[in-house]
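Peer 1: Okay, handing you the structure first.
The values are calculated or read from the model by the stated rules, or taken from the named source; none is laboratory data. Treat the numbers as computed from the prediction; the structure is a model and nothing was measured. Cβ sites come from the backbone with ideal geometry, for glycine too, and all protein chains shown count toward neighbours.
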Amino acid sequence: MKQKLLLAITMIAFLTTSAQITLLKEINNSAALNSNPSNLFVFNNKIYFAADDSSGSNTPGNEDLGSEIWVTDGTPEGTTFLKDLRTGSDSSSPNFFFELNNTMYFSANTGSGNVLFSSDGTTDGTIDSGGSFIFNQVELDGLIYYINTTDSNGLYQFDGTTQTKVANTGAEHVNFLGAAIAAFNGKIYGYGFTATEDPTIGKELYVYDPATDAYSLVKDITGSDADAGISNFVTIGSELYFEALGNVWKTDGTTNGTIAIDKASAIGSTLEYFVWNGSLYFEGDTGESNDQLWKYDPSTDTITNVSNITGSTATGGNNHDPSDYAVVGNYMYYRGEPADDTNGYLYRTDGNTSQLISAAIKDIDDLVVLNDILYFEGDNGTTGNELYMLNPSTLSINKVSKNTLMVYPNPTSNNINISSEYLNSSYKIYSILGQVVKEGIITSSQISVSGISKGNYILKVSQDAKVSTQKLIIK
């Protein structure tokens, strides 16, 4: 009876931690070949994305058509190939999707370079618009603004028909760099330079005002000819936040109102900015924390280390590297790395602490939400990188609190890593016969299992009045 009970506990623990994430469809249905779904974009209650069915298993004519545009309504049968934009097996690689005036636009390579496509979501309605490549666009007052890298990084606008360079006459124009532009308070802010000012102030924060069709310098952040290195624009209330010199900055649009966030000054290498519930979430490193998920709350002027993932520096540190955020209900979901593991898994946070959803699905990327269900790229280790989904309604608070115990690597032969939330808790490792093979107190992020024979075991961790259970395989 004890053996059957432990086996039942094993199955329950396994199912509740791995069955939460579901493979929506194996598009490239041939062994472990990847379809690599990417650039997921929601339009007209469906998700459009790029994918490569190199085996031809789900493509019309069972041919290898390269990475082309696909669509899903959230069901396996509704996940289908939309259109071959580049003839043959060469990839068009559709990307940089956006919506304007109830029409979807994206860029794709037809073989003659990247061009702009428009679409109503149907096969026949997905056509070459005749426009040129648009990437990292922002919308302001019904117009799309973007950087034209083929024209001295000039700022352009698109009204759905015509692509026009702004401030094309008169004052010297700003060369905006990379993806760092933002729409804020009726203007376009960006990281750039002018030929005249660059030798003395370097690359800094500039603004374009459509009302005057002119550029101006917001602030010389470095105060020298050095570059400010600006990126990651996001808006919170009446202020625009961004990364400069690796730190968190904000501006109200004035020179004096462009300042570094003092409470975040100890956090460098900041990236992946995201706004949720009036707070700024970002990746950052204090020199000891190694790329954790941080939260800055402007209303209280406080900083919180949300993830606080710890691990051994001997195996490369404990980088969490959060990215690809999406919000469903009361949680923000994102891609993150556990301690001593560079694979990306699905995490979620309530704004205070972070939870690993499943250690069974890795290579998480491109999170989007459709009808309160999360969709993303992932890999279960068998099918390759394919399209997955998670219905958060199946993750009740009680269920998650009972099954937040995650260990990795699993299977293992030497050590298992365990979250810092279980420090100072007692643990026992049981054989399938119910015998305790090891027990003790968790005093670090690792538990050694090197002296235990190969086989299946159950790990139980007692924390206050709660007992958490996880299947453990020792190889």
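Peer 1: What are the residues in the stretch 422-465 that are touching a residue at least 60 places away in the same chain (Cβ under 8 Å) and under 32 Å from the mean Cα position of the chain (by Cα), if any?
Peer 2: Scanning the stretch 422-465 gives S445, Q446.
Peer 1: Considering only the stretch 121-133, how many residues are assigned to a loop (DSSP other than H, G, I, E, B) and either under 26 Å from G78 (Cα atoms) or at pLDDT 95 or above (or both)?
Peer 2: Going through the stretch 121-133 one residue at a time, the tally reaches 5.
Peer 1: Regarding T382, is this residue touching a residue at least 40 places away in the same chain (Cβ under 8 Å), farther than 18 Å from N417 by Cβ and surrounded by 19 or more Cβ atoms within 10 Å (Cβ to Cβ)?
Peer 2: Details: touching a residue at least 40 places away in the same chain (Cβ under 8 Å): yes; farther than 18 Å from N417 by Cβ: yes; surrounded by 19 or more Cβ atoms within 10 Å (Cβ to Cβ): no.
Answer is no for this residue.
Peer 1: Take the conditions of a type in the set (S, T, Y), touching a strand residue (DSSP E or B) at 6+ places or on another chain (Cβ under 9 Å) and farther than 23 Å from K219 by Cα and apply them to S289. Does it pass?
Peer 2: When the stated conditions are applied, S289 passes them.
Peer 1: Keeping to the stretch 413-434, report how many residues are surrounded by fewer than 18 Cβ atoms within 10 Å (Cβ to Cβ) and in contact with a Lys or Arg (Cβ under 7 Å, 6 or more places away or on another chain).
Peer 2: The number of residues fulfilling the criteria is 3.
Peer 1: For the stretch 134-162, how many residues meet the condition of being at pLDDT 90 or above and assigned to a loop (DSSP other than H, G, I, E, B)?
Peer 2: 8
Peer 1: Turning to a different aspect of this structure: Inside the stretch 163-237, counting only strands (runs of 3 or more DSSP E) that do not spill past its ends, which hold 1 or more residues that are surrounded by fewer than 18 Cβ atoms within 10 Å (Cβ to Cβ) and touching a His at 6+ places or on another chain (Cβ under 9 Å)?
Peer 2: The qualifying strands (runs of 3 or more DSSP E) are 163-165.
Peer 1: Taking the stretch 55-83, which residues are touching a strand residue (DSSP E or B) at 6+ places or on another chain (Cβ under 9 Å) and over 23 Å from V368 (Cβ atoms)? Lay out the reasoning, then the answer.
Peer 2: Of all residues in the stretch 55-83, those touching a strand residue (DSSP E or B) at 6+ places or on another chain (Cβ under 9 Å) come to 58-60, 64-83.
Result: P60, D64, L65.
Peer 1: In addition: Quick one: in the stretch 119-139, of everything that is within 27 Å of the chain's Cα centre (by Cα) and buried (at least 18 other Cβ atoms within 10 Å of the Cβ), which residue is nearest to N102 (Cα to Cα)?
Peer 2: Residues of the stretch 119-139 within 27 Å of the chain's Cα centre (by Cα): 119-121, 133-139.
Add one more test, that the residue is buried (at least 18 other Cβ atoms within 10 Å of the Cβ), and what stays is 119, 133-134, 137-138.
Values: S119: 9, F133: 19, I134: 17, Q137: 16, V138: 16 Å.
Checking each candidate, the answer is S119.
Peer 1: Okay, next question. Cβ contacts < 7 Å: first residue closer than 19 Å to T286 by Cβ and without any contact (Cβ under 8 Å) to a residue 40 or more places away in the chain, restricted to the stretch 319-338; second residue of a type in the set (V, I, T) and surrounded by 20 or more Cβ atoms within 10 Å (Cβ to Cβ), any location; separation 6+ or different chain. Result?
Peer 2: As it stands, the answer is H320/I309, since those pairs meet every condition given.
Peer 1: Next question, about the same structure. Looking at D227, D209, which is the one that is under 21 Å from G268 (Cβ atoms) and in contact (Cβ under 8 Å) with a residue 12 or more places away in the chain?
Peer 2: One residue alone meets the criteria, D227.
Peer 1: Hey, among the residues in the stretch 238-272 that are of a type in the set (S, T, N, Q) and crowded, with 16+ Cβ neighbours inside 10 Å, which one's nearest to the chain's Cα centre (by Cα)?
Peer 2: Among those residues, the one meeting the criterion is T270.
Peer 1: So which of E77, E68, E99 is outside any loop (DSSP other than H, G, I, E, B), surrounded by fewer than 19 Cβ atoms within 10 Å (Cβ to Cβ) and not β-branched (V, I, T)?
Peer 2: Of the residues listed, the single one that is outside any loop (DSSP other than H, G, I, E, B), surrounded by fewer than 19 Cβ atoms within 10 Å (Cβ to Cβ) and not β-branched (V, I, T) is E99.
Peer 1: Pick out the one residue from A264, A214, A260 that is modelled with pLDDT under 95 and more than 19 Å from G178 (Cβ to Cβ). Before the answer, list the steps.
Peer 2: Values: A264 fails: modelled with pLDDT under 95; A260 fails: modelled with pLDDT under 95.
Going through A264, A214, A260 in turn, just one is modelled with pLDDT under 95 and more than 19 Å from G178 (Cβ to Cβ): A214.
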